[in-house]
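Structure first, then comments.
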Amino acid sequence: MHHLRTTVTRLRPLTASQTAQSLSQDRLVAVKGGSRTFKPTRRLNTSVAAEPFLNGTSSNYVEEMYYAWLENPKNVHKSWDIFFCNANAGAPPGSAYQSPPPINGTSQGLASVQALVRAQPNVEKLVGDHLAVQTLIRAYQVRGHHIAKLDPLDISCVDFDDAPCTVGFQNVGFYGLAECDLDKVFRLPTTTFIGGNESALPLREIIRRLEMAYCQHIGVEFMFINDLEQCQWIRQKFETPGIMQFTLEERRTLLARMIRSTRFEEFLQRKWSSEKRFGLEGCESLIPALKTIIDKSSQSGVESVIMGMSHRGRLNVLANVIRKELEQIFCQFDSKLEAADEGSGDVKYHLGMYHRRMNRVSDKYITLSLMANPSHLEAVDPVVQGKTKAEQFYCGDTEGKRVMSILIHGDAAFAGQGIVYETFHLSDLPSYTTHGTIHVVVNNQIGFTTDPRMARSSPYPTDVARVVNAPIFHVNADDPEAVMYVCNIAAEWRNTFHKDVVVDLVCYRRNGHNEMDEPMFTQPLMYKQIKKQKGVLQKFAEKLITEGVMTAQEYEEITRYDKICEEAYNRSKDEKILHIKHWLDSPWPGLSRILKGRANMVSQRVCDWALGEYMAFGSLLKEGIHIRLSGQDVERGTFSHRHHVLHDQNVDKRVCIPMNYISPDQAPYTVCNSSLSEYGVLGFELGFAMASPNALVLWEAQFGDFHNTAQCIIDQFISSGQAKWVRQNGIVLLLPHGMEGMGPEHSSARPERFLQMCNDDPDVFPKLSEDFAMRQLYDCNWIVVNCSTPANYFHVLRRQILQPFRKPLIVFTPKSLLRHPEAKSSFEEMLPGTHFRRVIPDDSPAAVSPEKVKRVIFCTGKIYYELTRERKNRGMDDTIAIVRIEQLSPFPFDLLKAETDRYINADLVWCQEEHKNQGYYDYVKPRIRTTINRTRPVWYAGREPAAAPATGNKQTHLMELQRLLDTAFNLEAFSGKF
């Protein structure tokens with residue numbers, strides 16, 4: 001579904017009173033701020049009263065008197081001041097002039113006043129027409145970006161208001177002008193540069209030049225800036241006729257950079273078509289944009305540039321901006337690459353680099369640093385600023401002339417993550433300022449799968465920058481020359497004023513969120529257009545060839561970057577002896593396949609995780625329980641498993657939510673993709689859950705790791721809310737969790753943090769009773785579960801709303817188990833009489849003869865399936881029992897006691913896939929020891945302690961997994977140890 005309304009955008013002019021107010025503000029700034037002073041073109045006798053000149057005076061003299069008044073009302077006689085003020089305020093003809101009180105207390109002669117009234121309407125028309133032209137010019141300066149051709153897809157514009165279109169030659173009547181005025185010459189105000197060396201232009205030419213300056217492929221937002229000098233600087237850069245010109249060499253360099261940017265992505269796609277790389281396709285002009293900023297800054301004396309960015313286009317930036325060796329980048333795609341000894345490693349599109357090289361444009365050395373980033377896309381922003389401030393401090397750069405920062409953002413994160421706003425507000429604080437940051441927004445016009453209409457309330461994602469008076473340059477990213485121009489201006493702005501500036505690259509995302517993702521599910525109309533979209537390199541090359549900048553043969557000769565990539569690829573294979581393996585699954589080919597799969601499961605009376613959730617929600621809705629599910633991409637599901645909102649593949653915004661059509665008297669189901677803000681959205685959903693105990697409110701993190709940025713809400717409100725305010729809350733947190741080789745940013749939901757905040761005592765075995773399980777739930781501060789079956793997930797969701805009190809529920813949800821062939825449940829496990837199982841005992845042959853069992857492995861979550869597979873492969877089904885703890889807190893002391901009493905001769909092992917200092921071990925071990933009255937040891941099988949939650953290398957991940965499985969099944973591993 002396309003993201004914004006396809007409507008004609010309007011440009012609403014300022015009213016006469018607004019114009020007068022704005023002009024007064026301009027004069028005020030000029031007086032206060034030491035800004036540029038505007039002088040009349042010739043010296044006037046400005047002390048002369050208005051009366052003698054209104055009857056028969058020349059229009060040129062009145063016009064110049066008017067401009068003298070604009071500079072400063074005190075420049076003219078009081079009568080002129082009154083006249084111009086009234087005319088500006090829209091006084092009707094014949095009433096603008098008011099004679100000032102005479103000094104001697106007598107009035108003017110009647111004949112003089114009558115002559116004045118007769119002459120006044122012509123003069124007022126003259127002033128009124130000039131005011132109208134100024135209003136027109138100012139309207140373009142303020143709102144010209146509303147109708148600029150910014151969207152390369154050309155399928156929509158930002159919808160600002162519903163006013164009729166009031167710009168263009170056919171709408172001059174809106175300003176009080178007539179069509180016959182189009183060829184009339186008007187004096188240009190000093191607040192515009194469209195005249196160049198000319199002080200007056202015909203209205204027709206004024207409009208044409210305004211259209212060229214503000215309504216083409218560049219849209220400029222700057223008139224909110226309250227510094228007149230800065231506004232004039234920007235006007236000059238965009239309004240001066242013919243200013244956007246490039247030399248032949250500059251255009252050929254730009255083309256070469258576009259070739260590198262485009263061919264790099266094409267090469268990766270050919271070599272690693274099934275690997276995630278978060279390519280730059282659709283915004284290839286980012287590379288020349290960054291290089292232009294760096295070139296211009298280097299020419300201005302900058303010696304070090306520190307950059308931060310998220311994952312999209314990161315590999316391309318490393319290769320073609322930082323100039324990291326290509327073979328080193330290609331090595332990152334090798335699954336057998338060993339992580340560095342001093343760290344766990346991370347996925348390739350999170351890594352950073354530091355490099356010093358010669359800048360060929362400035363002939364100066366420059367140091368480029370791209371900082372490593374987490375998947376909390378904007379979390380790197382203040383980190384970059386801190387490093388920049390430190391480098392400035394240590395080299396004595398008190399004005400930011402030698403060290404600067406560049407931040408590259410995504411549109412959804414820029415609007416959705418509060419740290420962006422907080423970082424902006426550091427920009428001018430004395431102890432934190434870095435003297436101006438250049439922000440570049442890769443505006444894909446979509447989040448992961450979230451439509452901007454669901455992701456922000458402002459027209460542009462960049463509106464947050466207005467709070468610090470940062471100019472915002474929107475540019476169509478399919479016009480590389482326009483991109484190059486605004487980046488030059490952004491670098492000049494930063495060097496001139498040492499304040500923040502934003503470049504908004506309005507582009508698109510040719511593939512899904514990653515190369516494995518299918519975007520047609522949720523944005524069919526947008527992606528139908530994208531498939532037809534000609535690449536920006538092809539369009540730019542064709543333009544240069546048509547204009548005679550180069551021939552087609554010359555273009556073919558400079559596209560040798562493919563050969564460079566191929567040679568680097570061969571070197572990486574020779575040096576590292578790589579064997580590339582494609583270990584990621586292919587994307588699902590279509591939505592109908594998913595729905596058909598669900599129908600097949602229903603016919604077989606089994607369900608997977610998504611269908612189990614669907615059935616839990618559906619049953620509660622039928623019982624009158626309102627359900628609200630919120631979070632990033634929850635409608636489809638981050639892992640393309642949920643699909644609770646179906647999108648018409650041919651009609652924009654036409655959707656169906658099947659769960660709202662279960663029963664005529666059901667409760668409503670609300671499922672909504674959220675803004676890219678964990679902190680803000682989780683707080684919002686918490687408040688929503690407080691409003692009614694009869695609603696099941698769930699917030700799902702895109703990955704479980706992402707609750708980090710909502711930690712304040714979790715610590716201050718959810719874990720301790722009842723203890724502090726005696727206020728119950730039943731909010732549910734769904735946190736995708738699991739170690740699957742996806743790196744430290746997409747693995748762990750940090751269960752250790754939640755378990756550490758649980759309020760049950762590990763050293764006290766509770767008094768058992770018939771209502772023990774329910775009493776435990778009532779006494780705890782929250783419930784923490786890690787379900788291994790769809791049926792158990794079904795039951796825990798239903799229990800959450802059907803129990804007679806409310807407690808927060810933390811669910812560590814799976815990723816690989818969403819489609820695991822063994823992670824399915826029979827309908828029989830969800831019929832009346834079944835319930836949530838806090839502990840699932842072993843059901844293998846070992847359970848038949850428990851006295852013969854040599855080892856009991858306790859575990860939770862998806863590691864169970866890896867343990868059962870390994871047990872079968874080793875032929876140990878009758879000697880090792882595997883027990884699943886599904887509810888971790890409150891801890892099921894009663895059921896664990898039954899299991900440990902049953903396997904009286906077995907040693908006890910806790911097995912987890914997480915590192916030893918993370919996960920569940922520190923929480924579970926003392927509680928198991930209390931259960932058995934400390935009569936037996938509880939051994940550990942899992943990963944060694946580590947600072948990061950996971951490795952970013954697939955081969956290392958598999959080696960670690962096999963090592964922990966070997967430990968868990970080696971019956972001699974703990975022999976003689978205590």
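Read the figures in this text as sums done on the coordinates, not as results from a lab. These numbers come from a predicted model, not from an experiment. FYI the Cβ positions are ideal-geometry reconstructions off the backbone, even for glycines, and counts take in every protein chain you see.
Listed by chain and number, the lysines whose alpha-carbon sits under 29 Å from that of LYS125, ignoring those within fewer than 8 places in the same chain, are LYS39, LYS74, LYS78, LYS184. Rounded to the nearest 20, the Cβ-based charge dipole of the range 423-480 about its Cα centre (Lys and Arg +1, Asp and Glu -1) stands at 180 debye.
Remark: spin-label model distance ASP901-ALA256 equals 8.1 nm, labels positioned 7 Å along the Cα→Cβ axis.
Convex hull volume of the Cα atoms in the range 415-539, per residue, in Å³?
Values: hull volume 14.8 nm³, N = 125.
For the range 415-539, the hull spanned by Cα atoms encloses 119 Å³ per residue.
Using the alpha-carbon positions of the range 700-743, Rg (one decimal) and Dmax (whole number) come out as 13.0, 42 Å. Pairs of C-alpha atoms in the range 488-539 farther apart than 16 Å represent 59 percent of all such pairs. Percent of Cα pairs in the range 227-267 per distance bin of 10 Å, from zero to the largest separation: 24, 25, 26, 20, 4.
Report, to one decimal in Å, the Kirkwood hydrodynamic radius for the range 743-831 based on all distinct Cα pairs.
Working: mean 1/r = 0.0652 Å⁻¹.
By the Kirkwood definition, the hydrodynamic radius is 15.3 Å.
Subtracting the Cα-Cα distance of ILE564 and ASP154 from their residue separation scaled by 0.36 nm leaves 144.1 nm.
Other residues with beta-carbon under 11 Å from the beta-carbon of MET358 carry, at +1 per Lys or Arg and -1 per Asp or Glu, a net charge of +4. Relative contact order for the range 608-969: 17 percent, from Cα pairs under 8 Å spaced at least 6 residues apart, divided by residue count. Taking all C-alpha pairs of the range 354-432, those more than 18 Å from each other amount to 49 percent. Mind jotting down the distance between the C-alpha centroids of the range 476-531 and the range 747-816, whole Å? If we compute the Cα centre of each part, the gap is 45 Å. Packing, taken as the mean count of other beta carbons within 10 Å per residue, orders the peptides 819-826, 257-264 from highest to lowest as 257-264, 819-826. For the range 608-969, the mean projected area of the C-alpha convex hull, equal to one quarter of the hull surface, is 19.0 nm². Which residues does a label at GLU554 reach in the range 456-496, if reach means a backbone N under 18 Å from a point 7 Å past the Cα toward the Cβ? 481, by backbone N distance to the label point. Normalised by the number of residues in the range 773-817, the average gap of Cα pairs under 8 Å and 6 or more apart makes the relative contact order 52 percent. Once the C-beta distance of SER458 and THR240 is scaled by a Förster radius of 30 Å, the resulting FRET efficiency is 0.50 to the nearest 0.05. Here, the range 783-857 yields an orientationally averaged convex hull projection of 6.9 nm² when only Cα atoms define the hull. Shown for THR956, THR367, THR935, THR437: other C-beta atoms within 10 Å of each C-beta, ranked fewest to most, produce the order THR935, THR367, THR956, THR437. DSSP assigns beta bridges within the range 248-576; of those with both partners inside it, close to 20 percent run antiparallel.
Compute for the range 248-576: radius of gyration divided by Kirkwood radius, i.e. Rg/Rh, restricted to C-alpha atoms, rounded to two decimals.
The Rg/Rh ratio comes out at 0.95.
For the range 711-863, the share of alpha carbon pairs falling in successive 5 Å distance bins from zero is 1, 7, 14, 18, 20, 17, 13, 7, 2, 1, 0 percent.
Between ASP428 and GLN962, what length in nm is gained on full extension when 0.36 nm per residue of separation is reduced by their alpha carbon distance? It would help to have the intermediate numbers written out before the result.
Details: separation 534, 0.36 × 534 = 192.24 nm, distance 5.26 nm.
Fully extending the segment from ASP428 to GLN962 adds 187.0 nm.
Relative contact order of the range 248-576: what whole-number percent is it, with Cα pairs under 8 angstrom and at least 6 residues apart?
Numbers: 552 pairs, mean separation 75.7, N = 329.
This gives 23 percent for the range 248-576.
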